[in-house]
Amino acid sequence: MNCPPTLGETAASFGRTLTLLQGLPFDLARAQYAAGVRVGLIEQSLLGWAKFERQVNLLEKLTLGPWARSV
């Protein structure tokens, strides 16, 4: 028999979902950069990608503060 989730489990699930939704614009920026590289609009460069990733990561931390994802 399935037990209904507790309030704590529901809150934790909601928190994880909210974190994923907050990070979506930054994931979309990364996907757009990758698409630009694939079609040749952006030069393929590991240094270029690293610089872009640092900028997006910084923007994510400044925008979301303590809710920003970290590795």
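The values are calculated or read from the model by the stated rules, or taken from the named source; none is laboratory data. Owing to the predicted nature of the structure, the values given are computational and were not obtained by experimental measurement. All Cβ positions, even for glycine, are placed from backbone atoms using ideal geometry, and neighbour counts span all protein chains on display. Surface areas here come from the heavy atoms of the whole protein model, side chains and all, with no ligands, DNA or RNA. Shrake-Rupley method; radii C 1.70, N 1.55, O 1.52, S 1.80 Å.
Details
- Qualifying residue in segment 10-19 (condition: open to solvent by less than 90 Å² (accessible area, probe 1.4 Å), part of a helix (DSSP H, G or I) and in contact with a Lys or Arg (Cβ under 9 Å, 6 or more places away or on another chain)): yes
Residue by residue, here is whether (1) open to solvent by 100 Å² or more (accessible area, probe 1.4 Å); (2) of a type outside the set (S, T, N, Q) holds:
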{"residue": "TYR33", "(1), (2)": "no, yes"}
{"residue": "GLY36", "(1), (2)": "no, yes"}
{"residue": "ILE42", "(1), (2)": "no, yes"}
{"residue": "LEU47", "(1), (2)": "yes, yes"}
{"residue": "LYS51", "(1), (2)": "yes, yes"}
{"residue": "GLN55", "(1), (2)": "yes, no"}
{"residue": "GLU60", "(1), (2)": "no, yes"}
{"residue": "GLY65", "(1), (2)": "no, yes"}
{"residue": "ARG69", "(1), (2)": "no, yes"}
